[in-house]
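Colleague: Structure incoming, see below.
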Amino acid sequence: MPERKFMMAVLDDQWRGRNVLKMPETIDIGILLLRRPRLTDIDAIFEYGSDQQVSYYADWKRLTDKTSLESRLISRDEAWMDGTEYNWVITEKVNDTAIGGLSCTIQDGKAEIGYLLNRKYWNRGYTTDVVKKVIGILVNDACVKSVWATCDKDNAGSIRVLEKSGMKREKLLKKFRVRPNISEKPRDAYLYIYRAV
C-alpha cells in the first residue's frame, strides 16, 4: 500500500488501549496554512472570537475575556492527542497570525467539521479553500466516507461556503441547536454532507 501524502496512520495508542487516527499538524493551502493552535495565539483568537458578527451564529457564547482561552487551548491539545477532536488555526503564511479556525471530529467513518474566520478576511474565499482541502484529506487520506456540517438556516455566509465546498444540503433540522448569541431557544439548522464516491 503506498504511503499516504500526509503520513496519516491509525496508531496504537498503547497507554489508552485504543486506536487513534493521526491527522497532519500543518496543512498547506496556497497562501494559507492550517496549524495546531499555540498559547501565543490567544490575542488573535480573542480578536475574532469576541467579534459579535463572527460569533453571532456560533453554538458557544461570544468571548468576553481571555482568561478561559488558555484552558480551552490546553483541552484542545489533549483532545488532539486522544484523537477525539482536531483543531487548527487558519493563518496567512506571510505572518503566521491566527485569523480563524477549523475543527474536526471523526467517528465511525464520518467526520464533522466546523469553522470560523476573522471578519477582516471574509469574502476572500479563504474558508471555502480551507474546507475543500480538509474534506479532500479526510476522504482521500483518512478513509472517511462522509463529511458533514450544520449551519443555522439564516447563516447565508456558511451556506455559501458549504455549497462551494461541494457539500450538499440534506435536510432542515428543526430546533436543532441553541445559538446563545441570538437566543436561548434552539434554532433550525441545515445539515450538509459530502459523500465519498
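Colleague: Can you name the condition, by its number, that Lys168 falls short on among (1) of a type in the set (D, E, K, R); (2) more than 30 Å from Leu63 (Cα to Cα); (3) in contact (Cβ under 8 Å) with a residue 60 or more places away in the chain?
Modeller: (3)
Colleague: Now, a different point. Out of all the residues in region 139-165, which are touching a residue at least 40 places away in the same chain (Cβ under 8 Å) and either of a type in the set (Ser, Thr, Tyr) or on the phi > 0 side of the Ramachandran plot (or both)?
Modeller: Ser146, Thr150, Ser158
Colleague: If you take the residues in region 135-149 that are under 16 Å from Lys168 (Cα atoms) and of a type in the set (A, V, I, L, M), which one is farthest from the chain's Cα centre (by Cα)?
Modeller: Val139
Colleague: When you scan region 150-169, how many residues do you find that are surrounded by 14 or more Cβ atoms within 10 Å (Cβ to Cβ) and not in a helix (DSSP H, G or I)?
Modeller: Residues that pass the stated criteria total 9.
Colleague: Okay, moving on. For the subset of region 108-143 comprising residues that are out of contact with any strand residue (DSSP E or B) (no Cβ under 8 Å at 6 or more places or on another chain) and among the small types (Gly, Ala, Ser), which member is surrounded by the most Cβ atoms within 10 Å (Cβ to Cβ)?
Modeller: Gly136
Colleague: If you take the residues in region 83-119 that are touching a residue at least 24 places away in the same chain (Cβ under 8 Å) and in a loop (DSSP other than H, G, I, E, B), which one is farthest from the chain's Cα centre (by Cα)?
Modeller: Val94
Colleague: Is it the case, given these coordinates, that Asp77 is modelled with pLDDT under 95, over 21 Å from Ala189 (Cβ atoms) and touching a strand residue (DSSP E or B) at 6+ places or on another chain (Cβ under 8 Å)?
Modeller: no
The values are calculated or read from the model by the stated rules, or taken from the named source; none is laboratory data. The structure presented is a predicted model; accordingly, all values stated were derived computationally and were not measured. All Cβ positions, glycine included, derive from the backbone under ideal geometry; neighbour counts span all protein chains shown.
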